[in-house]
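Novice: Pasting a structure below so you can have a look.
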Amino acid sequence: MKKIVLSLVAGFTALTGFSQEVDFIEYDLPNGLHVILHQENAAPVITVGVMYQVGAKDEEPGRTGFAHFFEHLLFEGTENIERGKWFEIVGANGGSNNANTTQDRTYYYETFPSNKLELGLWMESERMLHPKIEQIGVDTQNEVVKEEKRQRIDNAPYGAILYRTGIDKHLFKKHPYGQSVIGSMEDLDAAKLDEFIGFNDKYYNPNNAVLVVAGDIQIDETKKMIEDYFGPIPNNAPTNVRKEIVEDPITETRFATEYDPNISIPVKIFSYITPKSVDKDAYVLDYISSILTGGASSRMQKRMVEEEQIAFQVLAFNQANQDYGTYTMGALPKGDVTLDQLAKVMDEEIKKLQTELISEKELEKLKNQFEARYVQSNSRVQGIASSLATYYMLKGGTDKINKELDIYKSITREDIKRVANTYLNPNQRLELDYFAGEAPKDASNEEVKVVDNKIQINKIYFDNDKATIKSESAKELDRIATFMQSNPSLEIMAESYTDSKGATKYNKELSQKRAESVKTYLVSKGIAENRITAVGKGESNPVVDCASQECTEEQHEQNRRTEFTIIKK
């Protein structure tokens, strides 16, 4: 049914237009409603869409999720459409409909056979003029939104990455892009009916919307119907004038950890704040994303998945919003590969873009790919309607639908190198370790005790013959990192041990690898290398003496540990 627009695909679905021009006319009604008409009589189909300039970034603190909630609520019914009958009416007349919400806007649309144009206009005018904001509807949709959040984010593998709830909050500290589109269930629960009515009165007005009609229409006839249905609608508030909020640039690597109980394979994520949608560099980043992970021949796919086989999957996606963009890349490790190993290779691939021009052949391939996507996204009137509304409201003007392909074609190899050097540096990014398992309950804030210079935490354990940091161990290491950040002159020794199963030399080497893994993890959390000494102790000082007695696997595991000693206060 209705949906939030996926961040993961937003960078691609926005690539709209035709290699031939899209004809349209646009004008304003006296009440401020902007109207865009596109006549295409090749097939007896029309789309009626209304985009409102209200998204997650317009919400008040403590009342997040309202824009997305209204995406659901405004299907409840109107004074002239019985509650629960919206979809039934659309379906009975051979149509389909949907809605979606982003940080910047909310969009509703119906697609009908062209002889139902008037029905589509009437329904959208009813939504704008006569919505029923009632407690029964609020209660009903509250449960619907909660279930959507459970299905798409809370209980979905990698949901906090796909919907960016685990990413954006670490990137944006001032700008409301840091809050999720779906919002807080606690905020929605706490809201009163008059707050929902007030939100509707403030944002769902003609002067805050654009109406698009595309398809098998006659212009004069359509104009007359629009005037009849939308002309009389009054405004309940002034146009939504947004205050500019400037996000401070990231100048030092930010480290964060998120946990997902729905996965078994972790992810290493790099994410950057990038230019807004009207900036040419945002288009260049679309190319960079495609170079790295756009298909079977992309660089990260070929190297990490096929050749070196260190990753199950790679990802990269660019999302350019109205105020800022974000560029994210990542990989899922294979076997015993650590997240730090993935990070090293990802950095190497970025470095190549920063130091070497891509080939002319690679550039030509990119241009062909994007022209094909560009055409495909507007191959139906439904896509054209959405594009026209988006260009008008968010991308600098409706006419950009006929200019965007030229922007992609104008991108040079030098542009790609320049943009990679401008935005994709380690000190400008978030490094996110996305682990399997449950998040610790404020573990990083728990007091770390020290007894005789020994740091008292749960031991850092390893699986047999492995030096990979386990998710349970990562939680404890996060506590160590927080402790060291709050005590900047502190230096520690990380001493790792093995069980007695292997030969002495093997145990010594394995324990050193484990100690180095611990050190690398702490460094990835922002702790300077010179503050950590990593020492492999082999099988010395066992917790349980398994050399002279038969031990269970659990007892062996107790010996495979790391302990921490303060060597300088």
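The values are calculated or read from the model by the stated rules, or taken from the named source; none is laboratory data. Remember, predicted model here, so these are calculated numbers, not experimental data. A quick note on method: Cβ atoms are made from the backbone with ideal geometry, for glycine too, and the neighbour counts reach across all protein chains shown. Note: accessible area is taken over every heavy atom of the protein model, side chains too, but ligands, DNA and RNA are not part of it. Shrake-Rupley method; radii C 1.70, N 1.55, O 1.52, S 1.80 Å.
Novice: Out of Thr422, Thr498, Thr468, which single residue is within 30 Å of Asp248 (Cβ to Cβ) and β-branched (Val, Ile, Thr)? Lay out the reasoning, then the answer.
Specialist: Values: Thr498 fails: within 30 Å of Asp248 (Cβ to Cβ); Thr468 fails: within 30 Å of Asp248 (Cβ to Cβ).
The unique qualifying residue is Thr422.
Novice: Still on this structure, please answer the following. If a residue has to be open to solvent by 70 Å² or more (accessible area, probe 1.4 Å) and more than 23 Å from the chain's Cα centre (by Cα) to count, how many in segment 240-255 make the cut?
Specialist: Residues meeting the conditions: 2.
Novice: I'd like to know if segment 184-205 contains one or more residues that are open to solvent by 40 Å² or more (accessible area, probe 1.4 Å), touching a Lys or Arg at 6+ places or on another chain (Cβ under 9 Å), at pLDDT below 95 and under 30 Å from Thr422 (Cβ atoms).
Specialist: There is no residue in segment 184-205 that is open to solvent by 40 Å² or more (accessible area, probe 1.4 Å), touching a Lys or Arg at 6+ places or on another chain (Cβ under 9 Å), at pLDDT below 95 and under 30 Å from Thr422 (Cβ atoms).
Novice: Could you say whether any residue in segment 253-270 is touching a strand residue (DSSP E or B) at 6+ places or on another chain (Cβ under 6 Å) and at positive phi?
Specialist: no
Novice: Sticking with this one: What residue, among those in segment 488-513 that are farther than 26 Å from Lys569 by Cβ and without any contact (Cβ under 8 Å) to a residue 12 or more places away in the chain, is surrounded by the most Cβ atoms within 10 Å (Cβ to Cβ)?
Specialist: Tyr506
Novice: Suppose we filter segment 113-130 for residues that are among the hydroxyl-bearing types (Ser, Thr, Tyr) and open to solvent by 10 Å² or more (accessible area, probe 1.4 Å); how many remain?
Specialist: Residues in segment 113-130 being among the hydroxyl-bearing types (Ser, Thr, Tyr) and open to solvent by 10 Å² or more (accessible area, probe 1.4 Å): 1 in total.
Novice: Among the residues of segment 372-403, how many are charged (D, E, K, R), more than 25 Å from the chain's Cα centre (by Cα) and more than 30 Å from Val241 (Cβ to Cβ)?
Specialist: Total satisfying the criteria: 1.
Novice: Filter segment 263-287 for residues that are over 24 Å from Lys525 (Cβ atoms) and of a type outside the set (Val, Ile, Thr) and give the result.
Specialist: Pro275, Lys276, Ser277, Asp279, Lys280, Asp281, Ala282, Tyr283, Leu285, Asp286, Tyr287
Novice: Only residues in segment 25-47 that are at positive phi count as the first member; pair them with residues that are assigned to a loop (DSSP other than H, G, I, E, B), Cβ under 8 angstrom, at least 6 apart or cross-chain, and list the lot.
Specialist: Once the first residue is at positive phi and sits in segment 25-47, its partners that are assigned to a loop (DSSP other than H, G, I, E, B) give Gly32/Asn205; Gly32/Asn235; Gly32/Thr239.
Novice: If you don't mind, there's one more thing I want to ask. Need pairs with beta-carbon distance below 9 Å; first residue free of Cβ contacts under 8 Å to residues at least 40 places away in the same chain and within segment 99-124, second open to solvent by 30 Å² or more (accessible area, probe 1.4 Å) and not in a strand (DSSP E or B); sequence gap 6+ or separate chains.
Specialist: Leu119/Ile89; Leu119/Asn93
Novice: Okay, moving on. Condition test on Ile469, is it under 37 Å from the mean Cα position of the chain (by Cα), crowded, with 18+ Cβ neighbours inside 10 Å, in a loop (DSSP other than H, G, I, E, B) and of a type in the set (A, V, I, L, M, F, W, C)? Before you say what the answer is, go through the steps one by one.
Specialist: Numbers: under 37 Å from the mean Cα position of the chain (by Cα): yes; crowded, with 18+ Cβ neighbours inside 10 Å: yes; in a loop (DSSP other than H, G, I, E, B): yes; of a type in the set (A, V, I, L, M, F, W, C): yes.
Judged against the criteria, Ile469 is a match.
Novice: Go through (1) at pLDDT 90 or above; (2) open to solvent by 40 Å² or more (accessible area, probe 1.4 Å) and name the single condition Gly215 misses.
Specialist: Single failed check for Gly215: (2).
Novice: Let me ask something else. Any residue at all in segment 94-112 that is modelled with pLDDT of 95 or more, in a helix (DSSP H, G or I), open to solvent by 30 Å² or more (accessible area, probe 1.4 Å) and not hydroxyl-bearing (Ser, Thr, Tyr)?
Specialist: Scanning segment 94-112, I find no residue that is modelled with pLDDT of 95 or more, in a helix (DSSP H, G or I), open to solvent by 30 Å² or more (accessible area, probe 1.4 Å) and not hydroxyl-bearing (Ser, Thr, Tyr), so the answer is no.
Novice: Give the residues of segment 349-373 that are buried (at least 16 other Cβ atoms within 10 Å of the Cβ) and outside any helix (DSSP H, G or I), sorted by residue number.
Specialist: Ile358
Novice: A further question follows. Looking only at segment 400-417, which residues are of a type in the set (D, E, K, R) and either within 30 Å of Lys352 (Cβ to Cβ) or assigned to a helix (DSSP H, G or I) (or both)?
Specialist: Here is the first cut: in segment 400-417, the residues of a type in the set (D, E, K, R) are 400, 403-404, 406, 409, 413-415, 417.
The answer is Lys400, Glu404, Asp406, Lys409, Arg413, Glu414, Asp415, Lys417.
Novice: I've got another one for you. Provide a single number: the residues in segment 46-89 that are of a type in the set (A, V, I, L, M, F, W, C) and surrounded by fewer than 20 Cβ atoms within 10 Å (Cβ to Cβ). Spell out how you get there, then give the answer.
Specialist: Keep residues of segment 46-89 that are of a type in the set (A, V, I, L, M, F, W, C), which gives 46, 48, 50-51, 54, 56, 66-67, 69-70, 73-75, 81, 86-87, 89.
If we keep only those that are surrounded by fewer than 20 Cβ atoms within 10 Å (Cβ to Cβ) too, we end up with 87, 89.
So the answer is 2.
Novice: Given the criteria open to solvent by 40 Å² or more (accessible area, probe 1.4 Å), in a helix (DSSP H, G or I) and of a type in the set (Val, Ile, Thr), does Thr533 qualify? Talk me through it step by step, then tell me what you get.
Specialist: Working: open to solvent by 40 Å² or more (accessible area, probe 1.4 Å): yes; in a helix (DSSP H, G or I): no; of a type in the set (Val, Ile, Thr): yes.
Against the criterion (open to solvent by 40 Å² or more (accessible area, probe 1.4 Å), in a helix (DSSP H, G or I) and of a type in the set (Val, Ile, Thr)), Thr533 does not qualify.
Novice: Considering only segment 475-487, I want to know if a residue exists there that is part of a loop (DSSP other than H, G, I, E, B) and open to solvent by 20 Å² or more (accessible area, probe 1.4 Å). First the steps, then the outcome.
Specialist: Residues of segment 475-487 part of a loop (DSSP other than H, G, I, E, B): 487.
Add one more test, that the residue is open to solvent by 20 Å² or more (accessible area, probe 1.4 Å), and what stays is 487.
Within segment 475-487 (the criterion being part of a loop (DSSP other than H, G, I, E, B) and open to solvent by 20 Å² or more (accessible area, probe 1.4 Å)), the answer is yes, since at least one residue qualifies.
Novice: Something else: Going residue by residue through segment 387-399, is there one that turns out to be open to solvent by 10 Å² or more (accessible area, probe 1.4 Å), assigned to a helix (DSSP H, G or I), over 24 Å from Ser96 (Cα atoms) and free of Cβ contacts under 8 Å to residues at least 24 places away in the same chain?
Specialist: Yes, segment 387-399 contains at least one residue that is open to solvent by 10 Å² or more (accessible area, probe 1.4 Å), assigned to a helix (DSSP H, G or I), over 24 Å from Ser96 (Cα atoms) and free of Cβ contacts under 8 Å to residues at least 24 places away in the same chain.
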